[in-house]
Amino acid sequence: MKTLETLRPELTAVPDRIKDLPAHRGYPVPWFVAWPDGPGGEPEFRTADGQKFERAIRERRCWVCGQQLGGNLAFVLGPMCGITRTTSEPPCHRDCALWSIRNCPFLTRIEMERRTANLPAGTIDAAGCPIDRNPGVALLWVTKSYEIFPDQNKRPLISVGDPEQVVCYTEGRLATRAEIDASIAGGLPHLEKLARDEGDDAIRELEAQIRRFEIWLPI
């Protein structure tokens, strides 16, 4: 396990809360990350610790740094999650969420794909119906509230509250409207198929969700 003095030089200034995290291969290890072999082993950045999810909800802890949350709750969402207002990941401090958006390799490298080979035994997919793609655009969604509800398998999902701020990023910088639209176009067919499978009411609800989401996008 490396110290923060050995972080990669290309990373932006680290918030104080994140400085308390361990580091590995030049990156801080987010609080939620699973350590399959324990603290003395290596972190598995691709998987979350299920017990951390329960603690984050019960104790109002930041998903990234693990410290106590205040009144403002920041979620890191892809555009499809922004449309449905649904996510499987608990909220963060705003500065922790923004630092992650600007520095996480998966969020800043749009060509990077999710790697699923050689995951630890017992790893399960995220709750809900996740889309297996890199959306290329990450939303900083700041709100005051959220609710927990069960997915089709009775696993917990999060419905994020009305936003007070939505900012879209790609490659660690502000995204253009064209880049946001391209990301939406890449993921929307998945939501449209789910809606068609459920019927006309679901299609109309999705259309309403899209209109509600577009209000928050840059012109």
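What follows is calculated from the coordinates using simple rules that are stated; it is not laboratory data. Treat the numbers as computed from the prediction; the structure is a model and nothing was measured. Don't worry about glycine lacking a Cβ; one is built from the backbone with ideal geometry, like all the others, and counts go over all protein chains shown.
Considering only GluC sites (Glu not before Pro) in DSSP loops that have at most 10 other Cβ atoms within 10 Å, the longest stretch of the chain without any of them is 114-219.
Divide the volume of the convex hull around the Cα atoms of the range 4-214 by the residue count and you get 132 Å³ per residue. Between Arg8 and Glu198, residue separation times 0.36 nm minus the direct Cα-Cα distance comes to 63.7 nm. Only aspartates and glutamates eight or more places from Lys19 in sequence, or on another chain, were considered; those with a Cα closer than 15 Å are Glu5, Asp95.
The modelled label-to-label distance for the pair Arg60/Asp151, using points 7 Å beyond Cα in the direction of Cβ, is 2.7 nm.
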